[in-house]
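The values are calculated or read from the model by the stated rules, or taken from the named source; none is laboratory data. Being a predicted model, the structure only gives us computed values, none of them experimental. Cβ: placed from backbone, ideal geometry, glycine included. Neighbour counts: every protein chain shown. The area values use the complete protein model at the heavy-atom level, side chains included, leaving out ligands, DNA and RNA. Shrake-Rupley method; radii C 1.70, N 1.55, O 1.52, S 1.80 Å.
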Amino acid sequence: MLAADYTERRIKLFNLLKNKNASILIYGRKALKRMPTVQYPFNQFSDLFYLTGYSRPGGALTIHEKDGKPYSTLYLPPRIPYEEFWEGFRTSF
């Protein structure tokens, strides 16, 4: 999948809005734990994955109008070195 494909999907979703002053907010799923040290298998919410390709826990997507064009921002959870040691590298900016 190319980044342009995800951008096109977000633009199509934004164009469905009747009120262009509105914003779209889509949250990502958090990882659920069976016990404090054991997680359930993780699957991202399909709507966030479809619009961004982001498959890690957490995150949020906003889509709104800026300068007459759809503008989207992907917010990712902060990196926590201690948790990355056990769970693996996290995507963050």
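Annotations for the structure displayed:
- Residue in region 62-82 that is touching a strand residue (DSSP E or B) at 6+ places or on another chain (Cβ under 7 Å), aromatic (Phe, Trp, Tyr) and open to solvent by 100 Å² or more (accessible area, probe 1.4 Å) present: yes
Per-residue answers, yes or no, for (1) over 21 Å from PHE89 (Cβ atoms); (2) modelled with pLDDT under 90; (3) out of contact with any helix residue (DSSP H, G or I) (no Cβ under 9 Å at 6 or more places or on another chain); (4) among the charged types (D, E, K, R):
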{"position": "GLU8", "(1), (2), (3), (4)": "yes, no, yes, yes"}
{"position": "PHE14", "(1), (2), (3), (4)": "yes, no, yes, no"}
{"position": "ASN21", "(1), (2), (3), (4)": "yes, no, yes, no"}
{"position": "GLY28", "(1), (2), (3), (4)": "no, no, no, no"}
{"position": "LYS33", "(1), (2), (3), (4)": "no, yes, yes, yes"}
{"position": "THR37", "(1), (2), (3), (4)": "no, yes, no, no"}
{"position": "PHE42", "(1), (2), (3), (4)": "no, yes, yes, no"}
{"position": "LEU51", "(1), (2), (3), (4)": "yes, no, no, no"}
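- Restricted to region 28-61, and to residues there that are outside any loop (DSSP other than H, G, I, E, B) and more than 18 Å from the chain's Cα centre (by Cα), the residue that is surrounded by the most Cβ atoms within 10 Å (Cβ to Cβ) is GLN39.
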